[in-house]
Amino acid sequence: MLDDRSRRLLKTLIERYIADGQPVGSRTLSRASGLDLSPATIRNVMSDLEELGLIVSPHTSAGRVPTARGYRLFVDTMLTAHQAEFQAPELVAEQPQKVIANAAQLLSNLSQFVGVVLAPRRTSVFRHIEFLRLSERRLLLIIVAPDGDVQNRVLFTETDYTPSELVEASNYLNANFSGMAIEQVRARLAQEVDRLRGEIATLMQAAVQMGSQAITEAQGEVVISGERNLLAVTDFSSDMNQLRRAFDLFEQKAQLMRLLDVSMQAEGVRIFIGGESQSVPLEELSVVSAPYEVDGQVVGTLGVIGPTRMPYERMIQIVDITSRLVSNALSQGR
(Lines give C-alpha, C1' and ligand atoms only; values in the text may rest on other atoms or scores of the structure.)
Protein backbone atom coordinates (compact mmCIF):
# COMPACT_ATOMS: atom_id res chain seq x y z
CA MET A 1 0.00 0.00 0.00
CA LEU A 2 1.14 3.54 -0.75
CA ASP A 3 1.24 6.14 1.98
CA ASP A 4 -0.63 9.43 1.51
CA ARG A 5 2.49 11.26 0.34
CA SER A 6 3.27 8.70 -2.35
CA ARG A 7 -0.35 8.64 -3.50
CA ARG A 8 -0.42 12.44 -3.72
CA LEU A 9 2.76 12.56 -5.77
CA LEU A 10 1.63 9.74 -8.09
CA LYS A 11 -1.74 11.42 -8.64
CA THR A 12 -0.04 14.74 -9.39
CA LEU A 13 2.45 13.12 -11.76
CA ILE A 14 -0.28 11.36 -13.74
CA GLU A 15 -2.46 14.47 -13.93
CA ARG A 16 0.48 16.55 -15.17
CA TYR A 17 1.45 13.94 -17.74
CA ILE A 18 -2.13 13.66 -19.04
CA ALA A 19 -2.31 17.45 -19.34
CA ASP A 20 1.12 18.11 -20.89
CA GLY A 21 2.29 14.85 -22.44
CA GLN A 22 5.81 15.44 -21.14
CA PRO A 23 7.77 13.36 -18.60
CA VAL A 24 7.37 14.89 -15.14
CA GLY A 25 10.44 15.79 -13.11
CA SER A 26 10.89 16.28 -9.37
CA ARG A 27 10.90 20.07 -9.65
CA THR A 28 7.54 20.10 -11.43
CA LEU A 29 6.13 17.69 -8.86
CA SER A 30 7.36 19.86 -6.02
CA ARG A 31 5.48 22.87 -7.42
CA ALA A 32 2.33 21.07 -8.57
CA SER A 33 1.74 18.76 -5.58
CA GLY A 34 1.56 21.50 -2.95
CA LEU A 35 3.67 19.36 -0.61
CA ASP A 36 6.56 20.93 1.31
CA LEU A 37 9.14 18.35 0.31
CA SER A 38 12.76 18.64 -0.72
CA PRO A 39 13.75 17.60 -4.26
CA ALA A 40 15.75 14.73 -2.73
CA THR A 41 12.68 13.41 -0.88
CA ILE A 42 10.58 13.60 -4.05
CA ARG A 43 13.27 11.74 -6.01
CA ASN A 44 13.28 9.01 -3.35
CA VAL A 45 9.49 8.65 -3.55
CA MET A 46 9.63 8.51 -7.35
CA SER A 47 12.31 5.83 -7.12
CA ASP A 48 9.98 3.80 -4.88
CA LEU A 49 7.08 4.26 -7.30
CA GLU A 50 9.31 3.12 -10.14
CA GLU A 51 10.29 -0.03 -8.23
CA LEU A 52 6.58 -0.77 -7.78
CA GLY A 53 6.10 -0.56 -11.56
CA LEU A 54 3.77 2.47 -11.35
CA ILE A 55 6.01 4.90 -13.24
CA VAL A 56 8.96 4.59 -15.58
CA SER A 57 11.76 6.85 -16.74
CA PRO A 58 12.10 7.26 -20.54
CA HIS A 59 15.67 7.04 -21.77
CA THR A 60 15.56 10.55 -23.20
CA SER A 61 14.43 12.33 -20.03
CA ALA A 62 15.11 12.65 -16.34
CA GLY A 63 11.37 12.82 -15.72
CA ARG A 64 8.92 9.96 -15.23
CA VAL A 65 5.75 8.82 -17.01
CA PRO A 66 2.97 6.51 -15.76
CA THR A 67 2.83 2.83 -16.68
CA ALA A 68 -0.42 0.96 -17.41
CA ARG A 69 -0.27 -0.27 -13.81
CA GLY A 70 0.08 3.31 -12.59
CA TYR A 71 -2.90 4.42 -14.67
CA ARG A 72 -4.92 1.50 -13.29
CA LEU A 73 -4.24 2.52 -9.68
CA PHE A 74 -5.03 6.13 -10.56
CA VAL A 75 -8.34 5.21 -12.23
CA ASP A 76 -9.42 2.76 -9.51
CA THR A 77 -8.56 4.79 -6.42
CA MET A 78 -7.79 8.44 -7.21
CA LEU A 79 -10.48 9.70 -9.55
CA THR A 80 -13.23 11.75 -7.97
CA ALA A 81 -16.66 12.09 -9.57
CA HIS A 82 -17.60 15.61 -10.61
CA GLN A 83 -20.59 17.02 -12.38
CA ALA A 84 -20.13 16.95 -16.16
CA GLU A 85 -18.41 20.07 -17.46
CA PHE A 86 -20.15 19.94 -20.83
CA GLN A 87 -23.63 19.83 -22.30
CA ALA A 88 -24.26 16.83 -24.54
CA PRO A 89 -26.95 17.25 -27.22
CA GLU A 90 -29.97 14.98 -27.04
CA LEU A 91 -30.16 12.00 -29.38
CA VAL A 92 -33.39 12.01 -31.38
CA ALA A 93 -35.57 8.91 -31.03
CA GLU A 94 -35.59 7.41 -34.53
CA GLN A 95 -34.57 4.20 -36.27
CA PRO A 96 -32.04 2.24 -34.16
CA GLN A 97 -29.39 2.30 -36.91
CA LYS A 98 -29.55 6.11 -36.99
CA VAL A 99 -29.38 6.40 -33.20
CA ILE A 100 -26.31 4.14 -33.09
CA ALA A 101 -24.52 6.04 -35.86
CA ASN A 102 -25.28 9.38 -34.17
CA ALA A 103 -24.07 8.02 -30.81
CA ALA A 104 -20.71 6.92 -32.26
CA GLN A 105 -20.25 10.36 -33.80
CA LEU A 106 -21.26 12.08 -30.55
CA LEU A 107 -18.72 10.05 -28.57
CA SER A 108 -16.03 10.94 -31.08
CA ASN A 109 -16.91 14.65 -31.14
CA LEU A 110 -17.04 15.01 -27.36
CA SER A 111 -13.88 13.00 -26.65
CA GLN A 112 -11.85 13.96 -29.73
CA PHE A 113 -10.86 10.29 -29.85
CA VAL A 114 -12.61 7.26 -31.39
CA GLY A 115 -16.26 6.51 -30.62
CA VAL A 116 -17.46 2.89 -30.84
CA VAL A 117 -20.94 1.42 -30.41
CA LEU A 118 -21.93 -2.25 -30.43
CA ALA A 119 -25.36 -2.20 -32.08
CA PRO A 120 -28.31 -3.75 -30.21
CA ARG A 121 -28.83 -7.48 -30.37
CA ARG A 122 -31.74 -7.88 -32.74
CA THR A 123 -34.46 -10.46 -32.49
CA SER A 124 -35.18 -12.39 -35.69
CA VAL A 125 -38.84 -11.40 -35.59
CA PHE A 126 -40.22 -9.56 -38.61
CA ARG A 127 -43.26 -7.30 -38.88
CA HIS A 128 -43.55 -7.05 -42.64
CA ILE A 129 -41.98 -8.59 -45.77
CA GLU A 130 -42.25 -7.22 -49.27
CA PHE A 131 -40.87 -8.12 -52.72
CA LEU A 132 -39.93 -5.56 -55.36
CA ARG A 133 -39.08 -6.68 -58.90
CA LEU A 134 -35.80 -5.12 -60.03
CA SER A 135 -35.35 -6.98 -63.32
CA GLU A 136 -35.82 -10.46 -64.76
CA ARG A 137 -35.15 -13.05 -62.00
CA ARG A 138 -33.83 -10.32 -59.72
CA LEU A 139 -35.85 -9.10 -56.72
CA LEU A 140 -35.40 -6.74 -53.78
CA LEU A 141 -36.43 -8.34 -50.49
CA ILE A 142 -37.54 -5.78 -47.88
CA ILE A 143 -37.81 -6.95 -44.25
CA VAL A 144 -39.22 -4.62 -41.59
CA ALA A 145 -38.52 -5.48 -37.93
CA PRO A 146 -40.97 -4.69 -35.11
CA ASP A 147 -38.83 -1.70 -34.06
CA GLY A 148 -39.04 -0.22 -37.58
CA ASP A 149 -35.53 -1.23 -38.63
CA VAL A 150 -35.39 -2.13 -42.33
CA GLN A 151 -33.13 -4.73 -43.97
CA ASN A 152 -32.85 -4.91 -47.77
CA ARG A 153 -31.36 -7.80 -49.74
CA VAL A 154 -31.19 -8.56 -53.46
CA LEU A 155 -32.64 -11.99 -54.26
CA PHE A 156 -31.73 -13.88 -57.45
CA THR A 157 -34.32 -16.47 -58.53
CA GLU A 158 -34.56 -19.18 -61.16
CA THR A 159 -38.11 -18.12 -62.01
CA ASP A 160 -39.18 -14.75 -63.38
CA TYR A 161 -42.08 -13.92 -61.03
CA THR A 162 -44.94 -11.65 -62.09
CA PRO A 163 -45.94 -8.69 -59.90
CA SER A 164 -49.14 -10.51 -58.87
CA GLU A 165 -47.12 -13.55 -57.74
CA LEU A 166 -44.86 -11.33 -55.66
CA VAL A 167 -47.88 -9.71 -54.00
CA GLU A 168 -49.39 -13.15 -53.38
CA ALA A 169 -46.20 -14.38 -51.69
CA SER A 170 -45.74 -11.29 -49.50
CA ASN A 171 -49.43 -11.26 -48.50
CA TYR A 172 -49.24 -14.92 -47.45
CA LEU A 173 -46.10 -14.36 -45.36
CA ASN A 174 -47.44 -11.22 -43.70
CA ALA A 175 -50.89 -12.68 -43.00
CA ASN A 176 -49.63 -15.96 -41.54
CA PHE A 177 -46.22 -15.27 -40.04
CA SER A 178 -45.95 -11.57 -39.05
CA GLY A 179 -44.59 -11.31 -35.51
CA MET A 180 -42.91 -14.72 -35.63
CA ALA A 181 -39.18 -15.43 -35.56
CA ILE A 182 -37.60 -16.25 -38.92
CA GLU A 183 -36.60 -19.71 -37.67
CA GLN A 184 -40.24 -20.47 -36.81
CA VAL A 185 -41.37 -19.27 -40.24
CA ARG A 186 -38.84 -21.57 -41.90
CA ALA A 187 -40.16 -24.60 -39.96
CA ARG A 188 -43.81 -23.75 -40.67
CA LEU A 189 -43.16 -23.25 -44.37
CA ALA A 190 -41.53 -26.68 -44.57
CA GLN A 191 -44.76 -28.17 -43.23
CA GLU A 192 -47.03 -26.17 -45.52
CA VAL A 193 -45.04 -26.50 -48.74
CA ASP A 194 -47.41 -29.16 -50.12
CA ARG A 195 -50.37 -26.76 -49.86
CA LEU A 196 -48.60 -23.95 -51.71
CA ARG A 197 -47.92 -23.65 -55.41
CA GLY A 198 -44.39 -24.91 -56.07
CA GLU A 199 -42.88 -21.72 -57.45
CA ILE A 200 -44.45 -19.54 -54.74
CA ALA A 201 -43.21 -21.92 -52.01
CA THR A 202 -39.70 -21.76 -53.48
CA LEU A 203 -39.79 -17.96 -53.47
CA MET A 204 -40.94 -17.78 -49.86
CA GLN A 205 -38.35 -20.29 -48.69
CA ALA A 206 -35.61 -18.30 -50.44
CA ALA A 207 -36.90 -15.11 -48.83
CA VAL A 208 -36.85 -16.64 -45.35
CA GLN A 209 -33.31 -17.95 -45.90
CA MET A 210 -32.12 -14.54 -47.08
CA GLY A 211 -33.94 -12.81 -44.23
CA SER A 212 -32.23 -15.06 -41.70
CA GLN A 213 -28.82 -14.21 -43.20
CA ALA A 214 -29.60 -10.48 -43.16
CA ILE A 215 -30.54 -10.53 -39.48
CA THR A 216 -27.53 -12.66 -38.54
CA GLU A 217 -25.18 -10.26 -40.35
CA ALA A 218 -26.70 -7.33 -38.47
CA GLN A 219 -26.16 -8.96 -35.08
CA GLY A 220 -23.55 -7.18 -33.00
CA GLU A 221 -22.46 -4.74 -35.68
CA VAL A 222 -19.72 -2.38 -34.45
CA VAL A 223 -20.10 1.24 -35.53
CA ILE A 224 -16.87 3.28 -35.34
CA SER A 225 -16.46 7.04 -35.70
CA GLY A 226 -13.48 9.39 -35.50
CA GLU A 227 -10.54 7.10 -36.31
CA ARG A 228 -8.78 10.05 -37.91
CA ASN A 229 -8.75 11.83 -34.54
CA LEU A 230 -5.80 9.61 -33.58
CA LEU A 231 -3.73 11.35 -36.25
CA ALA A 232 -3.82 14.46 -34.04
CA VAL A 233 -2.65 12.58 -30.93
CA THR A 234 1.07 13.08 -30.43
CA ASP A 235 1.44 9.61 -28.89
CA PHE A 236 0.41 8.08 -32.24
CA SER A 237 1.42 10.62 -34.87
CA SER A 238 5.06 10.23 -33.87
CA ASP A 239 4.98 6.44 -34.26
CA MET A 240 3.47 5.08 -37.47
CA ASN A 241 3.72 1.47 -36.25
CA GLN A 242 1.47 2.26 -33.28
CA LEU A 243 -0.96 4.09 -35.55
CA ARG A 244 -1.03 1.22 -38.04
CA ARG A 245 -1.78 -1.33 -35.30
CA ALA A 246 -4.62 0.84 -34.02
CA PHE A 247 -6.19 1.15 -37.48
CA ASP A 248 -5.83 -2.62 -38.02
CA LEU A 249 -7.83 -3.09 -34.84
CA PHE A 250 -10.63 -0.85 -36.09
CA GLU A 251 -10.70 -2.56 -39.47
CA GLN A 252 -10.93 -6.10 -38.09
CA LYS A 253 -13.57 -5.24 -35.45
CA ALA A 254 -13.70 -8.81 -34.11
CA GLN A 255 -11.47 -7.97 -31.13
CA LEU A 256 -13.54 -4.87 -30.39
CA MET A 257 -16.72 -6.95 -30.43
CA ARG A 258 -15.25 -9.33 -27.84
CA LEU A 259 -14.25 -6.44 -25.61
CA LEU A 260 -17.64 -4.75 -25.87
CA ASP A 261 -19.36 -8.08 -25.24
CA VAL A 262 -17.45 -8.32 -21.96
CA SER A 263 -18.55 -4.78 -21.07
CA MET A 264 -22.21 -5.78 -21.51
CA GLN A 265 -21.90 -8.03 -18.46
CA ALA A 266 -20.90 -5.13 -16.19
CA GLU A 267 -22.87 -2.36 -14.55
CA GLY A 268 -21.73 1.19 -15.21
CA VAL A 269 -18.51 2.37 -16.79
CA ARG A 270 -15.54 0.02 -17.27
CA ILE A 271 -11.99 1.02 -18.17
CA PHE A 272 -9.45 -1.16 -19.98
CA ILE A 273 -5.94 0.27 -19.89
CA GLY A 274 -3.13 -0.58 -22.25
CA GLY A 275 -2.52 -4.24 -22.87
CA GLU A 276 -4.38 -5.51 -19.77
CA SER A 277 -7.26 -6.55 -22.06
CA GLN A 278 -6.47 -9.42 -24.42
CA SER A 279 -9.23 -8.12 -26.66
CA VAL A 280 -7.30 -4.90 -27.31
CA PRO A 281 -3.68 -5.98 -26.86
CA LEU A 282 -2.17 -2.58 -27.56
CA GLU A 283 -0.14 -0.97 -24.79
CA GLU A 284 -0.84 2.47 -26.25
CA LEU A 285 -4.67 2.25 -26.21
CA SER A 286 -7.25 2.51 -23.46
CA VAL A 287 -10.99 1.87 -23.71
CA VAL A 288 -13.70 3.46 -21.57
CA SER A 289 -17.01 1.63 -22.07
CA ALA A 290 -20.52 1.27 -20.65
CA PRO A 291 -23.64 -0.76 -21.51
CA TYR A 292 -26.87 0.84 -22.70
CA GLU A 293 -30.43 -0.36 -22.32
CA VAL A 294 -33.82 -0.49 -24.00
CA ASP A 295 -36.72 -0.50 -21.56
CA GLY A 296 -34.41 -1.55 -18.72
CA GLN A 297 -32.80 -4.43 -20.66
CA VAL A 298 -29.09 -4.22 -21.60
CA VAL A 299 -28.85 -4.62 -25.38
CA GLY A 300 -25.46 -3.20 -26.34
CA THR A 301 -22.30 -1.35 -25.33
CA LEU A 302 -20.57 1.87 -26.33
CA GLY A 303 -17.30 3.54 -25.52
CA VAL A 304 -14.32 5.72 -26.33
CA ILE A 305 -10.94 4.44 -27.53
CA GLY A 306 -7.92 6.68 -27.17
CA PRO A 307 -4.34 6.83 -25.91
CA THR A 308 -3.53 5.61 -22.40
CA ARG A 309 -2.71 9.27 -21.75
CA MET A 310 -6.36 10.31 -21.88
CA PRO A 311 -8.30 12.49 -19.41
CA TYR A 312 -10.11 9.54 -17.80
CA GLU A 313 -12.46 11.58 -15.63
CA ARG A 314 -13.84 13.43 -18.64
CA MET A 315 -14.04 10.21 -20.71
CA ILE A 316 -16.05 8.53 -17.94
CA GLN A 317 -18.51 11.42 -17.97
CA ILE A 318 -18.81 11.34 -21.77
CA VAL A 319 -19.40 7.59 -21.92
CA ASP A 320 -21.83 7.57 -18.99
CA ILE A 321 -23.94 10.43 -20.37
CA THR A 322 -23.97 9.02 -23.92
CA SER A 323 -25.09 5.59 -22.69
CA ARG A 324 -28.05 7.27 -20.95
CA LEU A 325 -28.89 9.28 -24.09
CA VAL A 326 -28.83 6.15 -26.26
CA SER A 327 -30.97 4.24 -23.77
CA ASN A 328 -33.56 7.04 -23.75
CA ALA A 329 -33.58 7.45 -27.54
CA LEU A 330 -33.97 3.73 -28.25
CA SER A 331 -36.62 3.25 -25.56
CA GLN A 332 -38.67 6.21 -26.83
CA GLY A 333 -38.36 5.02 -30.41
CA ARG A 334 -40.05 1.68 -29.75
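The values are calculated or read from the model by the stated rules, or taken from the named source; none is laboratory data. Quantities reported herein were computed from a predicted structural model and do not represent experimental measurements. Virtual Cβ from ideal backbone geometry, glycine too; neighbours counted across all protein chains shown. Please note that ligands, DNA and RNA were not included when accessible areas were found on the heavy atoms of the full protein model with its side chains. Shrake-Rupley method; radii C 1.70, N 1.55, O 1.52, S 1.80 Å.
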So if I check each of Glu183, Glu158, which one is in a loop (DSSP other than H, G, I, E, B), more than 24 Å from Lys98 (Cα to Cα) and out of contact with any Pro (no Cβ under 9 Å at 6 or more places or on another chain)? Glu158
Note on segment 141-152: residues part of a strand (DSSP E or B) and either of a type in the set (Ser, Thr, Tyr) or open to solvent by 60 Å² or more (accessible area, probe 1.4 Å) (or both) are Asn152
Just give me the residues in segment 23-56 being within 19 Å of Ala68 (Cβ to Cβ) and open to solvent by 50 Å² or more (accessible area, probe 1.4 Å), in sequence order. Asp48, Glu50, Glu51, Leu52, Val56
Would you say Ala187 is modelled with pLDDT under 85, open to solvent by 50 Å² or more (accessible area, probe 1.4 Å) and small (Gly, Ala, Ser)? yes
Only residues that are open to solvent by 10 Å² or more (accessible area, probe 1.4 Å) and at pLDDT below 90: list them for segment 99-124, please. Pro120, Arg121, Arg122, Thr123, Ser124
Name the residue that is nearest to the chain's Cα centre (by Cα), counting only residues in segment 6-22 that are surrounded by 15 or more Cβ atoms within 10 Å (Cβ to Cβ) and free of Cβ contacts under 8 Å to residues at least 24 places away in the same chain. Glu15
Check every one of the helices (runs of 4 or more DSSP H) wholly within segment 1-77 and list those with 2 or more residues that are under 20 Å from Ile316 (Cα atoms). 4-20, 68-77
Residue that is nearest to the chain's Cα centre (by Cα), among those in segment 222-271 that are surrounded by fewer than 19 Cβ atoms within 10 Å (Cβ to Cβ) and part of a loop (DSSP other than H, G, I, E, B): Lys253
Please find, within segment 10-40, the residue that is farthest from Pro311 (Cα to Cα) out of those that are among the hydroxyl-bearing types (Ser, Thr, Tyr) and at pLDDT below 90. Ser38
